[in-house]
Each structure stands twice: as structure tokens, then as C-alpha cells.
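S.K.: What follows is a single structure, and I will ask about it in a moment.
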Amino acid sequence: MAINFRQHSKTNWEYRIRYQDPFTGKPKESSKRGFKSKGEARKAAQEMEQKLMHSYEETTDTSLLKDFLFDWLFEYKKDVVRKNTFELHRRNIENHIIPYFKNIKLKNVKPVMYQKFLNHLYYQGYSKRTREIIHGTMRGAMEKAYHLRKIERNPCMGATMKGEDKDKQIKFIDSSDIADFLNEAYKYGYVYWIFYKFMIETGVRKGEAAALQWDKLDLKNKTVQISQTLDFQASEEKNEDIFGDPKTYKSKRVISISQSLANDLHFHLKQQNQNKMALNDIYRHDLNLVLCKKDGSPMPKSSLFNSFSRISKKAGLPKLPIHSLRHTHAVLLMEAGTDMKYIQERLGHGSMQITADVYSHVSKKIDQASMKKYEDYMNNIFL
């Protein structure tokens with residue numbers, strides 16, 4: 001790099017840095033004027049030289065926010081995060097961030113302006129959870145811009161979220177309603193009955209259940225190895241891998257199953273073998289799925305959502321998400337007096353704190369049992 005100084009007037013000094021772009025090989029130049037002395041200009045030039053040496057890009061970069069967001073998305077997130085997470089970031093950028101900030105320069109996004117963006121989402125009626133997710137995308141991108149020395153600070157830091165947290169009480173099927181739910185599921189279709197019964201008895205996520213293969217199931221020792229999840233959005237026609245890693249590192253686990261469920265799966269295997277013989281080459285032998293359609297292909301996400309909604313309604317249950325089956329399993333474990341650490345490991349949560357935060361005091365039966373113990377204890381004291 002070459003640094004030159006020029007005096008325009010007694011109190012107006014300028015520095016000019018000439019350097020070569022390491023990627024294009026083309027000469028580039030950075031300059032600034034308005035310094036009161038040569039020493040002041042020299043100090044500023046040295047600081048800029050250090051920045052250029054680290055990033056080869058000036059903090060006075062004229063790049064647009066929208067261009068950087070897509071660079072961040074495809075250079076730092078694609079094939080690094082799960083496909084669903086990548087798509088979530090993409091939608092946040094395309095549907096919320098860019099429409100608001102339009103063609104603003106990256107360096108011009110300031111904290112007050114960003115706070116107004118979050119407030120705008122609030123006044124548009126988006127839930128706090130949705131706004132937190134959008135905020136996570138922007139904050140992550142701006143943090144990368146900061147580390148690349150494209151901006152002086154992350155404008156998202158210190159931002160606040162309007163609105164109170166909604167009641168995060170989890171939804172689950174009460175143990176007294178499980179039999180009715182499964183009876184309606186069986187009437188609706190055998191494949192849905194076995195799928196939902198498996199989720200209730202194991203607490204696995206729907207993607208983990210849909211991706212389970214027979215070689216991961218040991219019916220003799222009654223264990224299931226959870227090692228992958230089904231990407232419901234992947235397309236085999238586009239040569240996209242339909243299997244991906246579970247949600248977190250802790251999600252890879254081996255869990256035990258009951259003898260009752262093992263018996264159901266033994267019967268299910270016989271049923272599936274009949275389908276294989278009947279369909280022959282049409283059957284998807286290559287996938288080797290346990291919980292699948294009659295032809296061995298994966299269960300579509302839309303079919304699961306629609307069937308679950310209809311079955312729940314026929315069983316007289318309130319509107320519930322499929323994920324409530326996972327919560328149902330956890331609550332059953334708690335009602336049975338299972339240790340919280342065991343529940344954490346069985347569900348594949350990253351920490352026991354997550355499990356405790358989500359499932360503490362969720363079952364009326366647990367509350368009633370606790371109160372009964374308390375009343376018995378107090379009655380003995382007052383005797």
C-alpha cells in the first residue's frame with residue numbers, strides 16, 4: 001500500500017491510500033480530507049490501512065443492504081444451516097426486510113432506524129414470535145457485516161421488542177382422550193394410526209418419525225435410533241436429499257420403546273411386507289421407511305396436517321398442532337413420575353433447562369397429585 005498526504009489549506013489535510021484489490025488485481029484508492037493537521041490525517045490513514053489489511057474493504061463501502069443480505073445468505077448460510085432455516089432467512093429478507101429498507105446503503109442502517117423497523121412490524125400486527133425470528137435474521141447478518149468490517153457497529157444490538165409475551169402454555173392431548181384420538185385415527189387410515197401412535201409413545205418429532213428406517217429399529221431389544229429427519233420440502237426430482245440431520249446435536253439419540261409398541265411394529269412390518277409383494281417394483285424399497293405411505297414413499301407434510309386436524313376434530317379435541325403429540329408424550333412421562341433428565345435425553349433437548357422451562361406445571365393431574373401430597377402432609381402436622 002502507498003499512502004500520500006496533501007495539504008489543501010492550513011487546516012485541511014487529506015490522506016490518499018492506493019492499494020491493489022487481492023481478488024480482482026485492480027488498483028483501488030481510498031481517501032479522506034478535512035483533517036486539521038498532517039498528524040491527524042496520518043493517524044486516520046493508519047487506522048484505515050489496518051482496516052483494509054484485515055478486510056480489503058472500506059467501512060465507507062457503498063454496497064446496498066439488500067445486496068449484502070443475499071451475499072450473507074448464500075455465502076455464509078447455504079449448506080451450513082438446515083434447509084428449513086435457510087428458507088426462513090430467505091423469506092424474512094425478501095418479504096420483510098428488503099420491502100421496508102428498499103435501496104438503503106448497508107452503512108446507513110442505524111440503531112434508531114432499525115428500532116423503527118421492529119416497531120413497524122409490531123403495528124402491522126405480527127406476533128412477537130414472528131418479529132423475533134425476523135430480528136434474528138437481520139441481527140445475524142449485521143453481526144457478520146460487523147466482523148467483516150463493513151459497518152462500524154451492529155445496529156440491531158440493543159433493540160427492543162414491543163408487546164408482551166403471549167401465554168406459551170404448551171398444547172397436548174390429555175391422557176383420558178388418547179384412546180378416542182387413536183380410535184378415530186384408525187378409522188381414518190391405518191398408516192396415520194401407526195404414525196401418530198408411534199409419536200405419542202416415543203415423543204419424536206414428525207420429521208424424525210417420517211425419516212425412520214427399518215435398520216434403525218431393533219424390535220428384539222425394543223430400541224429406536226434417531227439419526228436423521230425428513231426434509232418435507234426436498235424434491236427427489238431435483239436430486240435433492242430428502243434426509244437431513246436432526247434439529248440439534250442432542251437430537252441424535254437411542255430411545256427405548258414399550259412392548260406394546262414393539263408388538264404394533266411387528267404387525268406393521270407384516271402389513272408392509274404384504275404391500276411390498278403386491279406392488280413389487282412400484283414399492284420404494286430403496287427408502288426402507290418404517291412409517292410411510294402404502295407404496296413406501298414418504299408421508300407428505302400436507303397429508304399429515306390435514307389428517308391430524310380432521311382426526312382431532314372427530315375425537316372432539318380442540319385445535320392442536322401435530323407437535324402436540326410430542327408434548328403429549330412428555331406429559332405422560334411426567335405424570336408417570338419420570339425424572340426430568342431422562343425426559344430431556346429422550347426428547348433430544350439441548351439442555352435440561354429447556355425441558356424444565358417447557359414442561360413444568362403443564363398437567364392438571366400433576367398439579368392435583370402434588371396438592372394431594374401437600375394436603376396429606378399438612379393434615380399430619382395439624383393432628
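The values are calculated or read from the model by the stated rules, or taken from the named source; none is laboratory data. As the structure is a computational prediction, the values presented were derived from the model and not from experiment. Note: ideal-geometry Cβ built from the backbone for every residue, glycine included; neighbour counts use all protein chains shown.
S.K.: Go over the candidates L269, L333, L291, L265 one by one and state the one that is among the aliphatic types (A, V, I, L, M), part of a helix (DSSP H, G or I), within 26 Å of D177 (Cβ to Cβ) and modelled with pLDDT of 95 or more.
M.R.: L265
S.K.: Provide a single number: the residues in the stretch 295-317 that are assigned to a loop (DSSP other than H, G, I, E, B) and in contact (Cβ under 8 Å) with a residue 60 or more places away in the chain. Walk me through how you get there before you give the answer.
M.R.: First pass over the stretch 295-317, keeping only residues assigned to a loop (DSSP other than H, G, I, E, B): 295-300, 315-317.
With the extra rule that they be in contact (Cβ under 8 Å) with a residue 60 or more places away in the chain, the set shrinks to 298-300, 315-317.
Result for the stretch 295-317: 6.
S.K.: When you look at I242, is it within 20 Å of T223 (Cα to Cα), in the same structural domain as V191 (by TED's automatic domain parsing) and either at pLDDT 85 or above or in contact with a His (Cβ under 7 Å, 6 or more places away or on another chain) (or both), yes or no?
M.R.: No: the conditions fail for I242.
S.K.: Right, next: So, in the stretch 336-355, exactly how many residues are in a helix (DSSP H, G or I), modelled with pLDDT under 85 and under 18 Å from I226 (Cβ atoms)?
M.R.: 2
S.K.: Would you mind stating whether A159 is of a type in the set (A, V, I, L, M, F, W, C), in contact with a Pro (Cβ under 9 Å, 6 or more places away or on another chain), touching a residue at least 24 places away in the same chain (Cβ under 8 Å) and not assigned by TED's automatic domain parsing to the domain that holds E49?
M.R.: It is true that A159 is of a type in the set (A, V, I, L, M, F, W, C), in contact with a Pro (Cβ under 9 Å, 6 or more places away or on another chain), touching a residue at least 24 places away in the same chain (Cβ under 8 Å) and not assigned by TED's automatic domain parsing to the domain that holds E49.
Let's see how each residue does on (1) at negative phi; (2) under 30 Å from the mean Cα position of the chain (by Cα):
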| position | (1), (2) |
| --- | --- |
| Q259 | yes, no |
| K276 | yes, no |
| M299 | yes, yes |
| G316 | no, no |
| P321 | yes, yes |
| V331 | yes, yes |
| L347 | yes, yes |
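S.K.: Quickly run through the stretch 178-198 and pick out the residues that are buried (at least 16 other Cβ atoms within 10 Å of the Cβ) and under 19 Å from K294 (Cβ atoms).
M.R.: Correct list: A185, Y188, V191, Y192, W193, I194, F195, Y196, K197, F198.
S.K.: Are any residues in the stretch 111-135 touching a residue at least 12 places away in the same chain (Cβ under 8 Å) and either buried (at least 19 other Cβ atoms within 10 Å of the Cβ) or within 23 Å of Y76 (Cα to Cα) (or both), and if so, which ones?
M.R.: Matches in the stretch 111-135: Y114, F117, L118, L121, R131, E132, I133, I134, H135.
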